[in-house]
Each structure stands twice: as C-alpha cells, then as structure tokens.
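Novice: Sharing a structure with you now.
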Amino acid sequence: MDKEEFRAWGYKMVDWIADYQDRITEYPVLSQVKPGDIKAQIPHSPPADPESMEEIWQDVEQVILPGITHWQNPRFFAYFQANTSYPSMLAEMLSSGLGAQCMIWATSPAAAELEERMMNWLIELSGLPADWEGVIQPTGSDSTLVALLSAREKVTDFHINQAGFNGVSRMRVYATAETHSSIEKAAKIAGIGRENCLKIPTDSAGGMLPMALQEQIQADRAAGFIPLAVTVTIGTTGRHAIDPLEPIAEVCEQENVWLHVDGAHAGTALLLPELQHYLKGIEKADSYYFNPHKWMFTHFDCSAYFVKDPQTLIKTFSILPEYLKTQADQEVNNYRDWGIPLGRRFRALKLWFVMRRFGSKQLREKIRSHLALTAELVREIEAHPQFEMLNEPAFNLICFRLKPKGLSSVVDINKLNEQFMHALNHEGQIFLSHTLIEGQYALRLSIGQTYLSQDILDESWAHIQSTAQELLTAHF
Ligand SMILES: *Cc1c(COP(=O)(O)O)cnc(C)c1O
C-alpha cells in the first residue's frame, strides 16, 4: 500500500466511523451470530498475493460487522461500559500513526513525561493523596496482579524475586465473595494459591465486615500464615457493593497488611468531589486503581494504577540489562520498571486528549448526568408493581428483577427472570447482563454509555416494560 492509498482509505474510514455512530442504533446491540459463523467465512490459509482494500473492506461489512457487539450503542447497558469518545479516538489514531514503543524514557520522552503528568491530573481530580504516584497498566487485572506481587515482595524483603518461595510460609489474601475474580487470578499467578484467597463475610449490602477481617487475619497469623493483602472494592462488579474503606484501612494498618483498593468502574464517579467520601482512609492504603477505559470516555486499554510508595513497585519489577541502560536513568521514570511488560503503547495521549477536550467541569457534569438518569430510573422501577430493586445504587448500576404478584418461589422467580433477560437481549434492541444476589437472579443495567440520553433511556425502559408484559401474558 502506498501513501496515496493510505490517505484515501484513511479519509474513507474516518467518514465511515462518524457515520457508524449515527447508524449505531440500527444494529442489534448484541451480535446475533452463532459460534463458528464467522470462522466459517475466513479462509484457513493467508492469501499468497496481495488483495485490494476494496475486497478487504467488503469483508469487513459482510463478515466482521455481523459479529460485532456494539459497545458504543447507547442501548448497551450490560457488564460495565467500555466507553470511547471522539477525542479518545483521535488520540488512538495519532498513537498508531506515531507507532512509538514507549518502554523507557529515551524511547519517547514525551510519552513518559505526559504519563507522569496525566497520573498527577487524575490524582488531583480523584482527591488522592498528593504525594502518591501513578502509572498506566493495561487492565484492572494487571493493576491487581502488580499490587499483589508488590505486596509479596515487600513482606518478604524481596526474597521471592531473588530466591523463589523456598522456605517462605504460606500467604493469605483477603477479599469477599463480591470481589472481582481478578483477585483470585492474581493469587494463582503470584504463587499464593487460590485456596489462600479467603472470602471475608459481608453485611447484607455486600460490604466487607472489618471485625471479621481482623479476626481472620489474627487467626491466620497465629496459625503460621503470612497475612499478605486485603482488597477493598468500591463498586463491585455484581451489584456495586462498597467495602467500607476507612475501618478496613485501620485494620490493615494495625495488622501491617497491604491494602489494595479496587475502584475499577466506580472510580470514575469518584472524580466527583461529592462522592469522594468513599475514599476516606485512602492515605492508609498502599495501592488504588480505576479504569478510565470503562466509564471515563477513554478507549480500552487504560487502567490508572496509583501507589503510595513507588520504590517498592520499582524494586519489585526492575530488571536492568546492559542494553537498556541510559544516561538519564537517575532523572526520569522508566515505566518498564513499573509493571509487567517491557514494551508499552503511548496510552497517556488519549487521557490527555480526553481531559483537555472535555475539561474537568464537563467530564464531571457528564458523570453527574448518568447518576441523575440512574436515580430517575430507580424511582420508576420502585414505583412499578411488577418490578423490584435488588440493590441501592450509590453510583450508576441498577440491579432489579421482575416480581409479579402471586409468584413466590425463588426458583420460579429466578427462572422467569432468566427468560426475561434472554427475551430482552434476543431482540437486540437493548443489551443487559445479570448477576446473582444472595441466590436471586438480578438483571443489571449500567447507566453510563457515552452517548446515552434521557430519550434513549426512556425508550429502553418502555421496551423493558412491554417485553415484561408479553412474557407475563404468555405465562399467566
Ligand atoms: C471490570 C472490573 C475489573 C477488571 O478489570 P479489567 O480491566 O477488565 O481487567 C476488576 N474489578 C472490578 C470491580 C471490575 O468491575
């Protein structure tokens, strides 16, 4: 491909992407293909001769698009959002145009220094302690793994990095049944073992009980384990439960255990000063992260990871072969030492574009608008005779279910709601997901898509009600 062809297709692609956003609600939100449908249309071997962009593009429209779930459709309410925005998209285009690999300061000083500033901007906007430092990790799962590895090295004085587990007592990590599965995955990878990831009891809203945590830590220490780390979640994935940070931070301080705070999704809401009380006690924690790639209008992947003590982080991950040494090493941040991969994309660029093009005021207003839409829909659900709320949203996640009068068996209600969710998603008009809350099947609606408006939410709610009515008429 020559430059002129690239230019022509580049313009065409930008036009296509802009038009796509206009047409996006015409596609089924959830891809309707069956397993194997796409693979069957792709040859087993690569072509020997070049193919034209026209041919490739035709297949994009005919083969690829039907297999896309449209995450940027404002009727996408499932899981948590993976929002984009136009500024973020432009930054991603520029990043791929520059094609810079930003493993160390010298391989693109702008990437390293912009990243340092962007992390400081997020520290300021989130009200985190001003002397903390941050780094972009690919995903939340990476942030949590990095935290656990850092905790492991700190508690053993970097023994395991050097000599392996040889002679080290078994370690324990504490979470709750609501905590994201990435903590268990991190415990597997970090050599701590899944069975040493303990689930501390919670209150009825799903928040960890600090006293139960302290008792477990003390019992484990008495039994010869090393209590390694506690994960506090602000906004769990299932139902946005909130672990009480401050009392847990006090337990961790008394027991000298690493405290990792997971704000993956709800961390974006914590950009609002009026919600930052949920971070009270954060100065006692060791690490905190949230994913701008979920709700903060910034393309996947971008997890903002913050630590109190960057030296522990760097000592855990640094490796300095001769060929990577540079003269500037003493004066700059070489982010290859702040996480697992050596190679790094220029991710700070999209945060810079987003935070500048929105400005912190508009960014906060947009998040507030999502919270207002959530509050209004909660009122509608509570007022509706056939529906029931199953959580009390502090942020933007609604868990609810259909509960017709006269149906009282848990099994029947769960079955009905499972059918209900499949009926809603099957039509492709909206997409939501589910969870189990204390054995009850709950539908999850996350109200945070970049392009969501009051009208679209009203239409979606009308669709939910009419689908429920059809289902109930068929049943009773
Ligand atoms: C989404 C989520 C994660 C995982 O984030 P990834 O970036 O997908 O790895 C972890 N914790 C919570 C609470 C989440 O909602």
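Novice: Along the positive direction of the dipole of the chain (beta-carbon charges: Lys, Arg +1; Asp, Glu -1; about the Cα centre), which of Tyr174, Ile56, Thr312 reaches farthest?
Specialist: Tyr174
Novice: If eta is 1.306 mPa s and T is 10 °C, what Stokes-Einstein diffusion coefficient results for region 361-476, Kirkwood Rh from Cα pairs, in µm²/s?
Specialist: Approximately 108 µm²/s, per Stokes-Einstein.
Novice: With 10 angstrom as the radius, rank Leu432, Leu272, Leu65 by how many other C-beta atoms surround their C-beta, starting from the fewest.
Specialist: By the 10 Å Cβ count, ascending: Leu65, Leu272, Leu432.
Novice: Using 1/(1 + (r/R0)^6) with R0 = 25 angstrom and r between the beta carbons of Val63 and Asp22, what's the FRET efficiency to the nearest 0.05?
Specialist: So, using R0 = 25 Å, E works out to roughly 0.65.
Novice: Scale the Cα Rg of region 184-256 by the rule-of-thumb value 2.2 N^0.38 Å and send over the ratio, two decimals.
Specialist: Normalised Rg, Cα atoms only: 1.11.
Novice: Give, as a single signed number, the net charge of other residues whose beta carbon lies under 13 Å from the beta carbon of Leu272, with Lys and Arg counted +1 and Asp and Glu -1.
Specialist: Local net charge: +2.
Novice: If we count other beta carbons within 10 Å of each Cβ, what is the order of Ser446, Ser143, Ser108, fewest first?
Specialist: Ser108, Ser446, Ser143
Novice: For the peptides 435-441, 275-281, 146-152, what is the packing order when you average, over each peptide's residues, the other Cβ atoms within 10 Å and list the highest mean first?
Specialist: The most tightly packed comes first, giving 146-152, 275-281, 435-441.
Novice: Which value, in nm² and rounded to one decimal, describes the direction-averaged projected area of the C-alpha convex hull of region 308-352?
Specialist: 4.2 nm²
Novice: State to the nearest 20 debye the size of the charge dipole of region 288-373 about its Cα centre, where the only charges are +1 on K and R beta carbons and -1 on D and E beta carbons.
Specialist: For region 288-373, the charge dipole is close to 580 debye.
Novice: So what's the back-of-envelope 222 nm ellipticity for the chain, counting only DSSP H runs of four-plus at -39500 (n - 2.57) apiece and dividing by all residues, rounded to 500?
Specialist: Result for the chain, helices only: -13500 deg cm²/dmol.
Novice: What share of Cα pairs, in percent, lie more than 16 angstrom apart in region 199-297?
Specialist: 56 percent
Novice: Then there's this: For the chain, just the Cα atoms, rotate onto the principal axes and tell me the three extents in Å, largest first.
Specialist: Over the chain, Cα extents along the principal axes are 66, 64, 48 Å.
Novice: Step by step: find N for region 264-405, compute 2.2 N^0.38 Å, then divide the Cα radius of gyration by it. What's the final number?
Specialist: Taking N as the residue count of region 264-405, the ratio is 1.42.
Novice: Provide the packing ranking of 303-311, 343-351, i.e. peptides ordered by the mean count of other C-beta atoms within 10 Å per residue, highest first.
Specialist: With the highest mean Cβ count within 10 Å placed first, the list reads 343-351, 303-311.
Novice: With r defined as the distance between the Cβ atoms of Asn120 and Asp2 and R0 fixed at 41 Å, what FRET efficiency is calculated, to the nearest 0.05?
Specialist: In this case the efficiency is close to 0.45.
Novice: Using all Cα-Cα distances in region 2-70, what percent lands in each 5 angstrom bin from 0 up to the longest?
Specialist: Histogramming region 2-70 at 5 Å steps yields 3, 13, 19, 22, 17, 16, 8, 2 percent.
Novice: Turning to a different aspect of this structure: Out of every Cα-Cα pair in region 109-227, what percent are more than 25 Å apart?
Specialist: 39 percent
Novice: Moving on. If packing is taken as the mean number of other Cβ atoms within 10 Å per residue, what is the order of 412-420, 293-301, 34-42, highest first?
Specialist: Listed from highest to lowest mean packing, they are 293-301, 412-420, 34-42.
Novice: Ok, one more. For region 1-41, place one equal point scatterer on every Cα, skip the solvent, and apply the Debye formula. What is log10 of I(q)/I(0) at q = 0.26, 0.28, 0.35 Å⁻¹?
Specialist: Taking Cα atoms of region 1-41 as identical point scatterers yields -0.82, -0.85, -1.06.
Novice: Is there a quick way to get the dipole size of the chain? I mean about its Cα centre, with the Cβ of Lys and Arg at +1 and of Asp and Glu at -1; what is the value in debye to the nearest 20?
Specialist: 620 debye
Here, each number is a calculation from the coordinates, and none is a lab measurement. Just so we're clear, the structure is a prediction, and the values are computed from it rather than from any experiment. Here Cβ is always computed from backbone atoms with ideal geometry, including for glycine, and neighbour counts include all displayed protein chains.
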